[in-house]
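The values are calculated or read from the model by the stated rules, or taken from the named source; none is laboratory data. Just so it is clear, the structure is predicted and the values come from calculations on it, not from any experiment. No Cβ is skipped: glycine too gets one built from the backbone with ideal geometry, and neighbour counts run over all protein chains shown.
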Amino acid sequence: MSRDNYRNSGLTTLIKLTSLINMTDDLTQQAITAALVQDWKEAVKCNEQIVKANPENIEALNRLGHAYLELGKAETAKKYFNKVLKLDPYNQIAQKNLLTIATKKFSKCESKAPLNPNLFLEDPGKTKTTSLVEIAEKEIVLSLSIGDEIEIVPKKRTIVATTKKGVYLGKLADDLSLRLISFLKGGNKYEVNIKSIEPGEIKIFIREIFRSKKFVNLSSFPPQEIAYSAFVPPDLVHETRPEMADAEGSDEKTDDDKNDETPEEEPLDHNLEE
């Protein structure tokens, strides 16, 4: 093969590889979007195209298995999770999903009960919507559904959010954690549900369902206070207002200054003869 043919062959390979990467990125985004809106048939379609182009794409295999699981096709889902474990024997997502399949019976096209329309109804002082921080990896986030009930577990200085099975989802912000730790230790009880799921973000809805007598007059989530600053007129800040004449760089001159000035000598008229 001549040098030019070799160079052209390498360029063609590079173009094909770049095209494949771009196609995979596009399909990955489409697959994630489909999962977020729970369009599992579309999610299957997108992930199958990715796997066809790259049979060792672990993330796509896991997504494909989860999509089939949501459609009630447990045996098909199991096949893809096993493929993941052949490539990565310690993959926790595949392991947990296979455990779910082994301990739960799935019916074809199993669907979840419709959401209670009052689930996210606001109740001032008793409810709050907040975003988790330090959230779990993308595959775990995609396994969630809007309305899922989750747990909040108080630690020493923070509160961790987990699924009912104890899978880590994220943490509450520090200020909210510190407040709720006191309420939880004091006997308050809360119900927490997934409110929305976006790439890189999980929003949860917290509802106070029991208030301890210790906090009978104390709200779990007080309304945010608005800080007001009083306006102070300049006349009250300065005892005397600076005069314009005293301003730095003033060009005005007093009468005394004018009298002290030496008059300029008039030029002699050279046309006059002595």
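Does GLY147 meet the test of being more than 22 Å from VAL37 (Cβ to Cβ) and modelled with pLDDT under 95? Answer is no for this residue. Only strands (runs of 3 or more DSSP E) whose full extent lies in region 127-179 are considered here, and the ones with at least 1 residues that are surrounded by fewer than 15 Cβ atoms within 10 Å (Cβ to Cβ) are 127-131, 149-154.
Inspect all residues belonging to region 181-194 and state whether any of them is among the basic types (Lys, Arg) and out of contact with any strand residue (DSSP E or B) (no Cβ under 9 Å at 6 or more places or on another chain). No: region 181-194 contains no residue that is among the basic types (Lys, Arg) and out of contact with any strand residue (DSSP E or B) (no Cβ under 9 Å at 6 or more places or on another chain).
Evaluate the following for LEU64: is it buried (at least 16 other Cβ atoms within 10 Å of the Cβ) and modelled with pLDDT of 90 or more?
On the way: buried (at least 16 other Cβ atoms within 10 Å of the Cβ): yes; modelled with pLDDT of 90 or more: yes.
Yes.
When restricted to residues that are on the phi > 0 side of the Ramachandran plot and either buried (at least 17 other Cβ atoms within 10 Å of the Cβ) or at pLDDT 95 or above (or both), region 191-209 contains 0.
Just so you know, in region 36-81 the residues that are over 25 Å from the mean Cα position of the chain (by Cα) and among the basic types (Lys, Arg) include one that is farthest from SER145 (Cα to Cα), and it is LYS52.
Of the residues ASN217, ASN188, only one is over 23 Å from the mean Cα position of the chain (by Cα), surrounded by 16 or more Cβ atoms within 10 Å (Cβ to Cβ) and of a type outside the set (D, E, K, R); which? Explain how you work it out, then say what you get.
Details: ASN217 fails: surrounded by 16 or more Cβ atoms within 10 Å (Cβ to Cβ).
From the options ASN217, ASN188, the qualifying one is ASN188.
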